[in-house]
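The values are calculated or read from the model by the stated rules, or taken from the named source; none is laboratory data. The model shown is predicted, which means the values in this text are computed figures rather than measured ones. Please note: Cβ atoms are built from the backbone with ideal geometry, for glycine as well, and neighbour counts cover all protein chains shown. In case anyone asks, the SASA skips ligands and DNA or RNA and just uses the protein heavy atoms, side chains included. Shrake-Rupley method; radii C 1.70, N 1.55, O 1.52, S 1.80 Å.
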Amino acid sequence: MSMILFACVVRVRDGLPLSASTDFYHTQDFLECRRRLKTLALRLAQYPGRGSAEGRDFNIHFSSSRDVACMAICHRQCPAAMAFCFLETLWWEFTASYDTTCIGLASRPYAFLEFDGIIQKVKWHFNYVSSTQMESSLERIQEELKFQPPVVLSLEDTDVANGVVNGHPRVTLEPAPNFRMEPVTALGVLSLILNIMCAALNLIRGIHLAEHSLQVAHEEIGNILAFLIPFVACIFQCYLYLFYSPARTTKVVLMLLFICLGNVYLHGLRNLWQILFHIGVAFLSSYQILTRQLQEKQADCGV
């Protein structure tokens, strides 16, 4: 009898499913367990690296590291060491096949569906190969579980919908939701590169001026600040483009204002073309920030 029935790989920060094994089981209890696995995937960031959700006939096991988690539905009789050994093997196979950049930029469910074949192969190996052939790996996992036991949940604990747990309003504080932005565009990458270049120029000039000002006059302090404040503003513009932030428009306007005022103040230390270049990059970055919107929530997809 197969002990491991279903497995999937998800992204920890938002629960996005990246790949999953083919589902051959259609009993009501199993389908309910699948539904609870999807709910649990959305909350993995709240739990330690290993955990189990126990049910009447099936258990859900998960193992996560960095931004990748592997999850499995197993028969209740399946030893925990075997389940976590399977998940660890699956994690190594996935992270060896895809780098963190590809994983981080994935924007649709099951973007790595071709990994399904490897999941099926590893699942078959653990279901049908004698445990004596995996004895050393199982012993190591057993020792790890003895010293660092996985968090144990009940399947009912995973049932969260519309802010309600088990029919009761949530009263515990949860981390702020993760907002997924639209994919980065080529023009957006160009604006980032130019912004980093402007930030580096401002930092180098500001530090150079400070090092050569042992007896700092008031006007030199102003020049140093006129270099360093736009440096900070350029870095913050990069952050605003890459990550969602509340009151984004207000922050963009403030950063643009700091950069423009700083460069106007530096008239004399910079020629007109240099000033126009820095201000032009600031406007381009501001435009890219304001036009990069939150990505619409995608429909829940099955395998």
Matching entry among Arg66, Arg140, Arg108 (being in contact with a Leu (Cβ under 9 Å, 6 or more places away or on another chain) and open to solvent by 70 Å² or more (accessible area, probe 1.4 Å)): Arg108
Return a yes/no flag: does segment 116-125 have any residue that is open to solvent by less than 40 Å² (accessible area, probe 1.4 Å) and either under 20 Å from Val151 (Cα atoms) or among the hydroxyl-bearing types (Ser, Thr, Tyr) (or both). no
I'd like to check something: does segment 185-206 contain any residue that is in a loop (DSSP other than H, G, I, E, B), open to solvent by less than 40 Å² (accessible area, probe 1.4 Å), more than 27 Å from Pro246 (Cα to Cα) and modelled with pLDDT of 80 or more? no
Matching residues, segment 17-26, being open to solvent by 10 Å² or more (accessible area, probe 1.4 Å) and either out of contact with any helix residue (DSSP H, G or I) (no Cβ under 9 Å at 6 or more places or on another chain) or at pLDDT 90 or above (or both): Pro17, Phe24, His26
What are the residue pairs meeting all of these: first residue in segment 90-106, first residue closer than 21 Å to Lys121 by Cβ, second residue assigned to a helix (DSSP H, G or I) and of a type in the set (Val, Ile, Thr), Cβ atoms under 7 Å, and 6 or more apart or on different chains? Leu90/Ile119; Leu90/Val122; Glu93/Ile118; Glu93/Val122
Does any residue of segment 73-80 turn out to be surrounded by 21 or more Cβ atoms within 10 Å (Cβ to Cβ), modelled with pLDDT under 90 and over 23 Å from the mean Cα position of the chain (by Cα)? yes
Residue that is in contact with a helix residue (DSSP H, G or I) (Cβ under 6 Å, 6 or more places away or on another chain) and of a type in the set (D, E, K, R), where the choices are Asp29, Asp57: Asp57
Counting only residues that are more than 30 Å from Arg13 (Cα to Cα), open to solvent by 20 Å² or more (accessible area, probe 1.4 Å) and part of a helix (DSSP H, G or I), how many does segment 255-283 have? 15
Residue under question is Gly49, and the condition is that it be in the same structural domain as Phe147 (by the TED database) and loosely packed, with under 13 Cβ neighbours inside 10 Å; does it hold? no
